[in-house]
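S.K.: So that we are looking at the same thing, I have put the structure below in structure tokens.
The values are calculated or read from the model by the stated rules, or taken from the named source; none is laboratory data. All figures in this text were calculated on a predicted structure; none of them were measured in a lab. Cβ coordinates were reconstructed from backbone atoms using ideal geometry, including for glycine residues, and neighbour counts include every protein chain displayed. Surface accessibility is based on the protein's heavy atoms, side chains included, excluding ligands, DNA and RNA. Shrake-Rupley method; radii C 1.70, N 1.55, O 1.52, S 1.80 Å.
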Amino acid sequence: MKLLSIVKVAVLALPLVLVSCKSHKNISTEPTTVNNRIKKGDLISSVKDNAQTGKFFTSKVKFSVEVGPQKLTLTGNLRMRRHDVIRLQLMAFGFVEAGRIELTKEYVLIMDRINKQYLKVPWISVDFLRNSGIDFNTIQSLFWNELFVPENVNFDRPKERGPGPYNMLESGNDMILSLEASKLDYSWLVDRQTAFIEMANIMYKDRVNGNSQLNWDYEEFKPLNKTQFPHKHQITLNTGGKEVKLGMTLNHIGSDTEWEPRTLISNKYSEVSIDEIIRRFMSL
């Protein structure tokens, strides 16, 4: 495949990971009721102790993208300012920005630098995000490898008493923390020894159109500041009968503050709809 075509595939595939996920897998090991020796409050406290405390996070990123039979590897940048913005930049030839995803509390911005097009919408305008209760705070927690409790979601009562709304089940050497609502399941796979979050899963249950699901795996934990942070993230989804896999390997992690947190859109760019983005993706 020519490089230009590869970049176009990636520009379309990366946003779809965040805005149009279908079923892949759930945390599907066979859990048993939690051992009484393991206290839910202690585990949650340990997980929260592993969280990063810095406000800024920057990293070079090696992307691997698979869209059906098409596979590619590209580089880019990840920049985050806590409680404010998450920005992914996709590079062509190692130095030319081909695409950008910018997430704030107010909007989702997707820029196609090649075709000079962009999509900028409030979170509520994206069906999957609205239906599955995913907002900026949720995505931020996934990128930062943290627990979260989604806002404006009424969860079922936990199966055991203890701090927080989470259920807790035992699964081999891991523990499963979960939140359950009428149409939503949130699950985290946590290593019981290290209290590292190894996987996060969000499932929206729809009897008519089928379940929608986002699965986020974390690997290669390495020292960062006073704790550990996963340097490898794997997101897998299936949308419209096409499987999409996105891998992110982080390196040269830092806390650079010298970057503009908002993107200014040139009048040379034309605006497109989310339906157009999905239509172009499905035609690949």
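S.K.: Can you name every residue in region 206-235 that is at pLDDT below 80 and of a type outside the set (A, V, I, L, M, F, W, C)? Before you say what the answer is, go through the steps one by one.
M.R.: As a first pass, look at region 206-235 and keep what is at pLDDT below 80: 206-213.
The answer is Asp206, Arg207, Asn209, Gly210, Asn211, Ser212, Gln213.
S.K.: Further question on the same structure: Going by what's in this entry, would Glu146 be described as open to solvent by 10 Å² or more (accessible area, probe 1.4 Å), modelled with pLDDT under 90, of a type in the set (Asp, Glu) and closer than 26 Å to Gln52 by Cβ? Give the derivation first.
M.R.: Working: open to solvent by 10 Å² or more (accessible area, probe 1.4 Å): yes; modelled with pLDDT under 90: no; of a type in the set (Asp, Glu): yes; closer than 26 Å to Gln52 by Cβ: yes.
Here the answer is no, as Glu146 does not meet what is asked.
S.K.: OK, next. So, in region 101-133, exactly how many residues are basic (Lys, Arg), surrounded by fewer than 18 Cβ atoms within 10 Å (Cβ to Cβ) and either farther than 22 Å from Arg81 by Cα or within 17 Å of the chain's Cα centre (by Cα) (or both)? Spell out how you get there, then give the answer.
M.R.: Here is the first cut: in region 101-133, the residues basic (Lys, Arg) are 105, 113, 116, 120, 130.
Add one more test, that the residue is surrounded by fewer than 18 Cβ atoms within 10 Å (Cβ to Cβ), and what stays is 105, 116, 120, 130.
Subsequent filtering for residues that are either farther than 22 Å from Arg81 by Cα or within 17 Å of the chain's Cα centre (by Cα) (or both) retains 105, 116, 130.
Final tally of qualifying residues: 3.
S.K.: Name the residue that is farthest from the chain's Cα centre (by Cα), counting only residues in region 34-76 that are modelled with pLDDT under 95, polar (S, T, N, Q) and more than 30 Å from Leu169 (Cβ to Cβ).
M.R.: So, considering only residues that are modelled with pLDDT under 95, polar (S, T, N, Q) and more than 30 Å from Leu169 (Cβ to Cβ), the one farthest from the chain's Cα centre (by Cα) is Gln70.
S.K.: Enumerate the strands (runs of 3 or more DSSP E) found wholly within region 47-100, keeping only those where 2 or more residues are closer than 22 Å to Lys116 by Cα and open to solvent by 10 Å² or more (accessible area, probe 1.4 Å).
M.R.: Details: elements: 56-67, 70-81, 85-92.
The strands (runs of 3 or more DSSP E) meeting that bar are 70-81, 85-92.
S.K.: Oh, and also: Would you call Phe93 over 25 Å from Thr138 (Cβ atoms) and among the aromatic types (Phe, Trp, Tyr)? Don't jump to the end; show me each part of the working.
M.R.: Numbers: over 25 Å from Thr138 (Cβ atoms): yes; among the aromatic types (Phe, Trp, Tyr): yes.
Considered against the rule, which asks whether it is over 25 Å from Thr138 (Cβ atoms) and among the aromatic types (Phe, Trp, Tyr), Phe93 comes out as yes.
S.K.: Return yes or no: is Lys105 among the basic types (Lys, Arg), in contact with a helix residue (DSSP H, G or I) (Cβ under 7 Å, 6 or more places away or on another chain), within 30 Å of Gly254 (Cα to Cα) and at pLDDT 90 or above? Walk me through how you get there before you give the answer.
M.R.: Working: among the basic types (Lys, Arg): yes; in contact with a helix residue (DSSP H, G or I) (Cβ under 7 Å, 6 or more places away or on another chain): yes; within 30 Å of Gly254 (Cα to Cα): yes; at pLDDT 90 or above: yes.
Yes; evaluated as a whole, the condition is true for this residue.
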